[in-house]
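None of the figures in this text is laboratory data; all of them are computed from the coordinates on show. Note that the coordinates shown come from a computational prediction; the quantities given were computed from them, not determined experimentally. Here the Cβ positions follow ideal geometry from the backbone for every residue, glycine too, while neighbour counts run over all protein chains shown.
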Amino acid sequence: MTIDLSDSDLFKTSSYVGGQWMRDSSRQLAVMNPATGEVIAEVATIGAAGMLAAITAAHDAMLAWREVPAKVRAQVLRRWFDLMMAHQEDLAIIMTTEQGKTLAESRGEVAYGAAFMEWFGEQAKRIDGDVIPAPSSDKRVVCIKQPVGVVAAITPWNFPNAMIARKAAPALAAGCSIVIKPASETPLSALAMAELAERAGVPAGVLNVVVGASSEIGPALTDSPLVRKLTFTGSTDVGRRLEQACAATLKRTSMELGGNAPFIVFDDADIDAAVQGALISKYRNSGQTCVCTNRILVQATIHDVFVDKLVAATAELKMGNGLDEGVQQGPLVNKKAVEDVDRLVRLSTEAGARVALGGAHSDLGPCYYQPTVLTGITSEMAVFRNEIFGPVAPVTSFADEAEAIALANDTEFGLASYFYTRDIGRVWRVSEALDYGMVGVNEGIISNEMAPFGGVKASGSGREGSKYGIDDYLEIKYILMGGLDR
Ligand code: SIN
């Protein structure tokens, strides 16, 4: 073991199935620290027999879990929240070591993830039904809500804790069981969460974590008739394939897919606040979030002053190993991520974009890319049309509000969007005109457990978090009671 933890039992290297740490295959998955290139763990991958065991365990456990009173499910989730917060530092160290984000961001993500346990534990007690006016006096129309059943969750490497929490917490609160397939880059955070779930009293089989190749685990989950819902966070391409794979068994799906967030700065904005908002929204997690600013649109009258300030602020960001004190930008998750970002930058400069800052690999190591600002971006360029997933801020200028809205909506995606203005009429007009699931007004960070997270168009379907987030894990059953006059 190469991670120094206060509680070494949080370091797990095999799948968690039916309450057991399972090794059913000889194949190992190497987990790498992107800051150093060092292999930090070899995790045993799960095979076909293990997947069958996981789905069967989840199904059997769900039959009992859904009968557990909501208040008791809430208490279990509350204990899981408490344990995650009590082990925040260890969970953060595991996360930074396998994913690369800074320790401060990892601590923040653990708190963000734990908040879903707290929130959905509380929501478990509010799964209310309805009594609806009936068509005649001898009848009553009643609606109750019941868990959908076994849930499969496929989660990404960019938020190794919170994207699991945002799915597992509502699933368990609703009375579902869950089989989680964490990203191959970041299984250790998921397994540590499973250990804490067990300590919190989540019954065996209610939560399972399966580690292994997507090509094997994905089909086992999508093809199983016992799995009634799939929830996925990841790329739009993979989301499309999963939707198709789920069609045969007509599973419910929730898809949190790619984004191409515009960040609009109008000339009446507080420019310094906008620069700070752009900085946090663009460079959070080194640009590797679905809600990261992907395109900065600045009104022509303030373009140069905004760019100068953004370049100056970006140049101050300290890059390095996320475990080191004071570091604000960690590495990207792997070398391929760096190559993908660099390719987009090169395509842009070949098409006429100018590099105002950065624009190249960093000599800190193969997974580092310099925080970059590009100007002169047009809507035809690849960097305008694709999700960058790296620390690159492309700036485009616009003439007026109509052009800003048209540019912002000129994408297949519709996840997060941001704009800065001090005009209250514009706040309403632009918020309503943006074709996105989420809008930040004078704010660069919008995610929290109380708000509905999700997108439209190619950014997916469903909402996570908030009072709406549990609905995706519940079926509405309508009961007509007749013969009541007799
Ligand atoms: C994501 O990038 O998928 C999630 C980001 C967030 O929850 O803020």
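Some observations on this one:
- Approximate shape of the stretch 162-309 as ellipsoid semi-axes (Cα gyration tensor, √5λ), whole Å, largest first: 39, 19, 13
- For the stretch 1-138, the relative contact order is 23 percent, taking Cα pairs closer than 8 Å that sit 6 or more residues apart in sequence and dividing their mean separation by the residue count.
- Label zone at Glu412, where the point sits 7 Å out along the Cα-to-Cβ direction: the stretch 309-352 residues whose backbone N lies under 20 Å: 340-341, 343-345, 347-348
- Value in Å of the Kirkwood radius, where the stretch 279-342 supplies the Cα pairs that are averaged: 13.3
- The Kirkwood hydrodynamic radius of the stretch 426-486, based on inverse pair distances between different Cα atoms, is 14.7 Å.
- This model, with +1 at the C-beta of Lys and Arg and -1 at the C-beta of Asp and Glu, gives the stretch 230-324 a dipole about its Cα centre of some 680 debye.
- Hull volume in cubic angstrom per residue (convex hull over the Cα atoms of the stretch 408-452): 79
- Within the shell of other residues whose beta carbon sits under 15 angstrom from the beta carbon of Ala245, the net charge comes to +3, with Lys and Arg scored +1 and Asp and Glu -1.
- Based on every Cα atom in the chain, Rg and the maximum pairwise Cα distance Dmax equal 23.3, 84 Å.
- The distance from the alpha carbon centre of the stretch 62-104 to that of the stretch 249-279 is 27 Å, rounded to a whole number.
- Mean Cα-pair separation over length for the stretch 1-49, i.e. relative contact order, pairs under 8 Å, 6 or more apart, %: 38
- Total charge dipole magnitude, the chain, about the Cα centre, Cβ charges on Lys, Arg, Asp, Glu only, Debye to nearest 20: 1580
- Cα lying deepest toward the dipole's positive end in the chain, options Ile405, Gly18, Leu279, charges on Cβ: Gly18
- Antiparallel beta bridges, as assigned by DSSP with both residues in the chain, represent about 40 percent of the total such bridges.
- Of Lys125/Lys251; Lys139/Lys467; Lys181/Lys467; Lys101/Lys335; Lys71/Lys467; Lys181/Lys229, pairs whose Cα-Cα distance is over 23 Å: Lys125/Lys251; Lys139/Lys467; Lys181/Lys467
- Taking the charge dipole of the stretch 308-386 about its Cα centre, with +1 at Lys and Arg Cβ atoms and -1 at Asp and Glu Cβ atoms, the residue from Val341, Gly326, Met381 reaching farthest to the positive side is Met381.
- When the chain is described by a simple charge dipole with +1 on each Lys and Arg Cβ and -1 on each Asp and Glu Cβ, the residue from Ala54, Ser106, Gly482 located farthest towards its positive end is Gly482.
- Longest exposed-site-free window of the chain, the sites being GluC sites (Glu not before Pro) in a DSSP loop that have at most 14 other C-beta atoms within 10 Å: 68-315
- Computed about its Cα centre, the charge dipole of the stretch 31-99 is approximately 520 debye, with only Lys, Arg, Asp and Glu carrying charge at their Cβ.
- Panel values: the stretch 361-484, Kirkwood radius from alpha carbon pairs, Stokes-Einstein at 37 °C and 0.692 mPa s, translational diffusion coefficient 186 µm²/s.
- Electrostatic tally near Asn285: other residues with Cβ closer than 11 Å to its Cβ, Lys and Arg +1, Asp and Glu -1, net +1.
- At q = 0.13 Å⁻¹, base-10 log of I(q)/I(0) for the stretch 380-430 (Debye sum, equal scatterers on each alpha carbon): -0.37
- Separation of the stretch 393-442 from the stretch 301-343 is 23 Å, based on Cα centroids.
- Cα-Cα separations in the stretch 83-240 greater than 18 Å, expressed as whole percent: 61
- Restricting the trypsin sites (Lys or Arg not before Pro) of the stretch 282-375 to loop positions (DSSP other than H, G, I, E, B) with no more than 12 neighbouring Cβ atoms within 10 Å leaves Lys318.
- Seen from every direction in turn and averaged, the convex hull around the alpha carbons of the stretch 12-128 projects onto 8.6 nm².
- Once the C-beta distance of Glu38 and Tyr478 is scaled by a Förster radius of 60 Å, the resulting FRET efficiency is 0.60 to the nearest 0.05.
- Against the compact-protein benchmark of 2.2 N^0.38 Å, the Cα-based radius of gyration of the stretch 36-77 scales to 1.86.
- Computed label-point distance, nm, for sites Thr249 and Ser137 using a 7 Å Cα→Cβ extension: 5.0
- Shape descriptor for the stretch 235-302: Rg over Rh equals 1.21 (Cα atoms; Rh from the Kirkwood inverse mean 1/r).
- Taking label points 7 Å from Cα along the Cα-to-Cβ direction, Ser6 and Arg126 give a separation of 3.2 nm.
- Calculated P(r) tail over 13 Å for the stretch 143-189, as whole % of Cα pairs: 53
- Working note: 222 nm ellipticity from helices only, DSSP H runs with n ≥ 4, each -39,500 (n - 2.57), summed and divided by the residues of the chain, gives -12000 deg cm²/dmol to the nearest 500.
- Checking every one of the trypsin sites (Lys or Arg not before Pro) in the stretch 370-470 against DSSP loop status and a limit of 15 other Cβ atoms within 10 Å picks out Arg422, Lys467.
- log10 of Debye I(q)/I(0), alpha-carbon scatterers only, for the stretch 263-388 at 0.12, 0.15, 0.19 Å⁻¹: -0.43, -0.68, -1.11
- Normalised by the number of residues in the chain, the mean separation of alpha-carbon contacts (under 8 Å, six or more apart) gives a relative contact order of 18 percent.
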